[in-house]
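Q: The structure follows.
The values are calculated or read from the model by the stated rules, or taken from the named source; none is laboratory data. These numbers were taken from a predicted model, which means no experiment stands behind them. Note: ideal-geometry Cβ built from the backbone for every residue, glycine included; neighbour counts use all protein chains shown. These area figures cover heavy atoms from the full protein model, side chains too; ligands, DNA and RNA do not enter into them. Shrake-Rupley method; radii C 1.70, N 1.55, O 1.52, S 1.80 Å.
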Amino acid sequence: MKPLLNIENLSINYMTNKKDFNIVKDVNIKIDERMKYGIVGESGSGKSLTSLAIMNLLPEVLKIQEGSIELNTDSTKDLANISKKEMRKVRGREISMIFQEPMTALDPLYTIEYQLLEVLKIHKTYSKKEMYKIGVDMLKKVGIARPDQVMKDYPHQLSGGMRQRVMIAMALICQPKLLIADEPTTALDVTIQAQILDLMNELSDLHNTAILMITHDLGVILETCERVAVMYAGQIVEESTVEKIFEEPAHPYTKGLLSSIRSLGNKSEELYSIPGNVPTPDQYQELGCRFATRCPYAMDQCFNQEPLMYQVQDDHLSKCWLHVEEGRANERSSERTRS
Ligand code: SF4
Ligand code: MG
């Protein structure tokens, strides 16, 4: 069966008057129906841009340079090459998105009722009364105790946690096939974070919705996802099941990320963080491996030759020269490099 979402060789460039810079390169991701898939990386890793590309919401200055984003629902569509009109039918009904700060996604001038039911109005044919009932039911499902009151409220009358619940209700009201959540809990208190993640998980199971979770937080991935892609400086550097990534991380960057969360749990150790900064896009070209400036294992080769994606074990990829000895190059990535 075809995956629900199949991103192949996605590259995104930033265009200036003088020159193009590559920002996201060769992203390959497959998400099956009902799967919970995570992309983890620091800010500037390209994870949010990847999700904006899926939603066809990249800002003007950014352009998909190469690749396809195939969505397989009733029909097959390439979201990298789709008209604005077609995309409007996809958004909300087939794919919807939750952002980090609900205040930026909710319009302060309209009631929750208006905003919650708007997407239903676009996509489905219900009477006013039916829509209101669906809206109230959805608010109940996201754990809002007084849904009739909240329908009348404006966004500023709700707490941050409540607003994020409303966003989840809005995102799921048309029962989309895929929910993209970009740092959905980062702006919330820790106690509410866990509730919101649980809620998203429960509701996506209920509605058979797949989740693409975008986060800088490996803890969130561990709690919610089955598979994960680790992104660094615009590229996927490691991809596998969450279990394998946590138990046997292969890429030096992933190992660094894991050490930093593990030292958080262990108070006696000093907090570990990966030294140095993520390179900026104008520096990418000069580096073979984009992690070379921060990698404790970097060799000469790493500074002038881009590493291949190696299959380090079954269903586990890592983009690093250290695997030359232990693994074989993933066929697809070695073919691409040759051509
Ligand atoms: Fe480190 Fe080299 Fe591997 Fe890059 S290719 S992660 S610099 S060892
Ligand atoms: Mg982001």
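Q: Say a paramagnetic label sat at a point 7 Å from the Cα of residue 16, along Cα to Cβ; which residues of segment 31-74 have their backbone N under 15 Å from it?
A: Residues passing the 15 Å test: 61-62.
Q: Explain nothing, just the number: dipole magnitude of segment 170-238 about its Cα centre with +1 on each Lys and Arg Cβ and -1 on each Asp and Glu Cβ, in debye rounded to the nearest 20.
A: 240
Q: Add -39500 (n - 2.57) for each DSSP H run of 4 or more in the chain, then divide by its residues: what number comes out at 222 nm, to the nearest 500 deg cm²/dmol?
A: It lands at -10500 deg cm²/dmol.
Q: Still on this structure: Under the rule a/c < 1.5 gives rounded, and otherwise a/b versus b/c splits prolate from oblate, where does segment 127-246 land using the Cα gyration tensor?
A: Prolate, because a/c is 1.5 or more and a/b exceeds b/c.
Q: Calculate, for the chain, the solvent-accessible area per residue in square angstrom, rolling a 1.4 angstrom probe over the heavy atoms of the protein chains.
A: 49
Q: Give the aspartates and glutamates whose C-alpha is closer than 12 Å to that of residue 140, dropping any in the same chain fewer than 8 places away, or say none.
A: Straight-distance partners of residue 140: 148.
Q: Something else now. Among all cysteines in the chain, which have no other cysteine Cβ under 4.7 Å from their own Cβ?
A: Cys with no partner Cβ under 4.7 Å: 174, 225, 295, 320.
Q: Mind running the shape call on the chain? Use the C-alpha gyration tensor, a ≥ b ≥ c as the square roots of the eigenvalues: rounded below 1.5 for a/c, prolate if a/b tops b/c, oblate otherwise.
A: Prolate is the answer for the chain, as a/c is 1.5 or above and a/b outweighs b/c.
Q: Continuing with the same structure: Using only the alpha-carbon atoms, how far is helix 128-141 inclined from the longest principal axis of the chain? Give it as 0 to 90 degrees, nearest 10.
A: It works out to around 50 degrees.
Q: Find the relative contact order for segment 123-244 and round it to a whole percent, using C-alpha pairs within less than 8 Å whose residues are 6+ positions apart.
A: About 18 percent, as a whole number.
Q: If you don't mind, another one. Pulled fully out, how much extra length does the chain show between residue 101 and residue 9, if you take 0.36 nm times their separation in residues and subtract their Cα-Cα distance?
A: So the extension gain works out to 30.1 nm.
Q: Relative to the first principal axis of the alpha-carbon coordinates of the chain, what is the inclination of helix 160-172, with its axis defined by its Cα atoms, in degrees from 0 to 90 and to the nearest 10?
A: Once rounded, one gets 90 degrees.
Q: Also: What's the center-to-center distance, using Cα atoms, between segment 167-200 and segment 67-88 in Å?
A: Value for the Cα centre distance between the two parts: 24 Å.
Q: When all protein chains stay in place, what accessible area (Å², nearest 10, 1.4 Å probe) is found for residue 163?
A: Roughly 40 Å² of residue 163 is accessible to a 1.4 Å probe.
Q: So which lysines pass the test for residue 30, namely a Cα distance under 28 Å, with those fewer than 8 places away in the same chain ruled out?
A: Those lysines meeting the cut-off are 2, 47, 63, 77, 84, 85, 89, 177, 244, 255, 319.
Q: A further question on this structure: Can you find, among 316, 157, 39, the residue farthest towards the positive end of the dipole of the chain? Put +1 on the C-beta of Lys and Arg, -1 on that of Asp and Glu.
A: Most positive-ward Cα: 157.
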